[in-house]
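What follows is a short report on a single structure.
Please treat every number below as a calculation from the coordinates, not as lab data. Just so we're clear, the structure is a prediction, and the values are computed from it rather than from any experiment. Every residue, glycine among them, receives a Cβ derived from its backbone with ideal geometry; neighbour counts consider all protein chains shown.
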Amino acid sequence: MEYVVLGLLMLRNQTLYEINKAFEQGIALFYSASYGSLQSALKKLVGQGFVEFEEMVDKGRNKKVYMITEEGKKAFHEWMESEVSTARLEVTALSKLFFLGLVEDVERRKTVVQDVINKVEEVEIGLKQLKDNIRESEVPESHQKVLTYQLATLDYGIQMHGFAKEWFRKFHTELDQREKFKS
């Protein structure tokens, strides 16, 4: 969550209220966060020196306006270009996609997208192997009904990863084409 907050602060300085609204109005499609968790994330980022704030009074109310520091910008860009973890893959992939325009170099953007493709494919292969292993194993009759639905859930995961892989591949190709037209 901290990197998503940093990404929002890369776009402009914001209050906690504005950050919360940004989550509610778009980011919540792929990443949910409570007001309290955003507050905790900001506190952590301030403690790390990635974010600072300025207190001001607006219409008689105290406000803290948060801004990203140079160290925060560096940390954000390092995260954007870091290898995607298979844990929370979808959230991380979509978070990086959401902020991909903040990566200036087209080759670096393409590398971020290719890393997502590789990780999605890795997970998809793992799920297919798991499905094969389950089908080859002996399952007691008393568990057959449960297994039917567990396999359906596994199949859903396989198909969703297949869709994500193809979607990101197409996006990667389109990214190449967009950049060719700009030259």
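Once you keep just the Cα pairs under 8 angstrom separated by 6 or more residues, what percentage relative contact order results for the chain?
Relative contact order, the chain: 19 percent.
Place a +1 charge on the Cβ of each Lys and Arg in the chain and a -1 charge on the Cβ of each Asp and Glu, then give the dipole magnitude about the Cα centre in debye, rounded to the nearest 20.
Dipole about the Cα centre, nearest 20: 580 debye.
With unit charges on the beta carbon (Lys/Arg positive, Asp/Glu negative), name the residue among PHE98, ILE125, PHE163 whose Cα is farthest towards the positive pole of the charge dipole of the chain.
Projecting each Cα onto the dipole axis, the largest value belongs to PHE98.
Mind scanning LYS43/LYS128; LYS74/LYS131; LYS96/LYS131; LYS21/LYS165; LYS74/LYS119; LYS43/LYS131 and naming the pairs with a C-alpha gap bigger than 32 Å?
Working: LYS43/LYS128 41 Å; LYS74/LYS131 41 Å; LYS96/LYS131 29 Å; LYS21/LYS165 30 Å; LYS74/LYS119 24 Å; LYS43/LYS131 43 Å.
Violating the 32 Å limit, Cα to Cα: LYS43/LYS128; LYS74/LYS131; LYS43/LYS131.
By how many nm would the segment from ARG178 to GLU70 grow when fully extended, if each residue of separation counts as 0.36 nm and the alpha-carbon distance is taken off? Walk me through the numbers on the way to the answer.
Values: separation 108, 0.36 × 108 = 38.88 nm, distance 2.99 nm.
Length gained between ARG178 and GLU70: 35.9 nm.
Output needed: percent of Cα pairs per 10 Å distance bin for the chain, bins running from 0 to the one holding the longest distance.
All Cα pairs considered, the percentages come to 8, 28, 27, 20, 11, 4, 1.
Cut-off 10 angstrom, C-alpha nodes, Gaussian network model of the chain. Which of THR92, THR111, THR153 fluctuates the most?
With Cα springs under 10 Å in the chain, the top fluctuation among THR92, THR111, THR153 is at THR153.
Within 15 Å, Cβ to Cβ, of ALA33, how many net charges do the neighbouring residues add up to if Lys/Arg are +1 and Asp/Glu are -1?
Here the count lands on +1.
Output the peptides 23-29, 161-167 sorted from most to least packed, where packing is the average of other Cβ atoms within 10 Å over each peptide's residues. If you can, show how the numbers build up before the last one.
Working: 23-29: 13.4, 161-167: 16.4.
Highest-to-lowest ranking by the protection proxy: 161-167, 23-29.
Fully extended, how many nm does the chain gain between LEU97 and LYS128 (0.36 nm per residue separation, minus their Cα-Cα distance)?
So the chain would gain 8.6 nm between LEU97 and LYS128.
Tilt of helix 2-11 relative to the longest C-alpha principal axis of the chain, in degrees (0 to 90, nearest 10)?
Around 50 degrees separate the two axes.
Counting pairs of alpha carbon atoms under 8 Å apart in space and at least six apart in sequence, what relative contact order in percent does the range 2-81 give? Intermediate results must be reported in sequence, preceding the final value.
Working: 84 pairs, mean separation 30.2, N = 80.
Relative contact order of the range 2-81: 38 percent.
With springs only between Cα atoms under 10 Å, which of SER137, SER40, SER82 fluctuates most in a Gaussian network model of the chain?
SER137
With n ≥ 4 as the cut-off for DSSP H runs, can you work out [θ] at 222 nm for the chain, using -39500 (n - 2.57) per run divided by the number of residues, rounded to the nearest 500?
After summing the helix terms and dividing by the residues of the chain, the value is -23000 deg cm²/dmol.
Assuming R0 = 45 Å, what is the FRET efficiency of LYS43 and THR148, from their Cβ-Cβ distance, to the nearest 0.05?
Efficiency at R0 = 45 Å is approximately 0.45.
Say we join alpha carbon atoms closer than 10 Å with springs in a Gaussian network model of the chain; which of GLU71, GLU55, GLU122 then has the biggest fluctuation?
GLU55
Can you give me the relative contact order of the range 89-182 as a percent, contacts being Cα pairs under 8 Å and 6 or more apart?
Normalised by residue count, the contact order of the range 89-182 is 41 percent.
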